[in-house]
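A.B. asks: Have a look at the structure that comes next, please.
Derivation of every value follows stated rules applied to the coordinates shown; laboratory data play no part. All figures in this text were calculated on a predicted structure; none of them were measured in a lab. Glycine also receives a Cβ, built like all others from the backbone with ideal geometry; neighbour counts cover every protein chain displayed.
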Amino acid sequence: MPGIIADTCIWVQSLRDANSAEARELSTLIDLEHIVVPGIIISEILCGARDRGTFNLLLERFRPFSYLEPTMATWTEAGKIGFELRKKGEGVTYERHSDSVALFGAWPVPVYY
């Protein structure tokens with residue numbers, strides 16, 4: 001499945017400011033049908049909804065995109081990265097763990113930060 005993952009920070013910035021550089025770039029990627037969305041991104045965005053109505057609007061916004069389901073290999077690599085970071089004495093939060101998976105190439109598509 002070719003495509004690009006727009007990281008949560010890109011979605012948040014584009015939702016906050018429709019005229020931002022991030023919003024313009026994201027709009028272009030959406031128009032070109034290049035966006036794929038893993039569940040973690042959907043979950044993070046929905047958690048930030050102010051109310052039920054906003055939650056429903058956000059959920060509808062994500063419905064048209066291709067859904068990227070992490071494979072066992074992705075989660076295994078995520079665990080390996082988290083394990084190695086912990087061994088080095090670096091804290092591994094859920095957010096940092098997810099970001100490190102993307103940064104170190106465990107996702108099968110590029111990530112836009």
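A.B. asks: Just flag the trypsin sites (Lys or Arg not before Pro) in the range 1-58 sitting in loop per DSSP whose Cβ has no more than 13 other Cβ atoms within 10 Å.
C.D. replies: Those that pass, being in a loop and sparsely packed, are 50.
A.B. asks: With 10 angstrom as the radius, rank 36, 12 by how many other C-beta atoms surround their C-beta, starting from the fewest.
C.D. replies: 12, 36
A.B. asks: Moving on to the next point. At 0.36 nm per residue, and after removing the present C-alpha to C-alpha distance, how many nm does the segment from residue 43 to residue 88 gain when stretched out fully?
C.D. replies: Full-extension gain reported as 13.3 nm.
A.B. asks: Which semi-axis lengths, in whole Å and largest first, follow from the square roots of five times the eigenvalues of the Cα gyration tensor of the range 6-59?
C.D. replies: Equivalent-ellipsoid dimensions as semi-axes: 19, 13, 10 Å.
A.B. asks: Mind giving me the nanometre distance, one decimal, between the label points for residue 55 and residue 32, set 7 Å out from Cα along Cα→Cβ?
C.D. replies: Roughly 3.5 nm, to one decimal.
A.B. asks: For 9, 47, what ranking results if the residue with the fewest other Cβ atoms within 10 Å of its Cβ goes first?
C.D. replies: 47, 9
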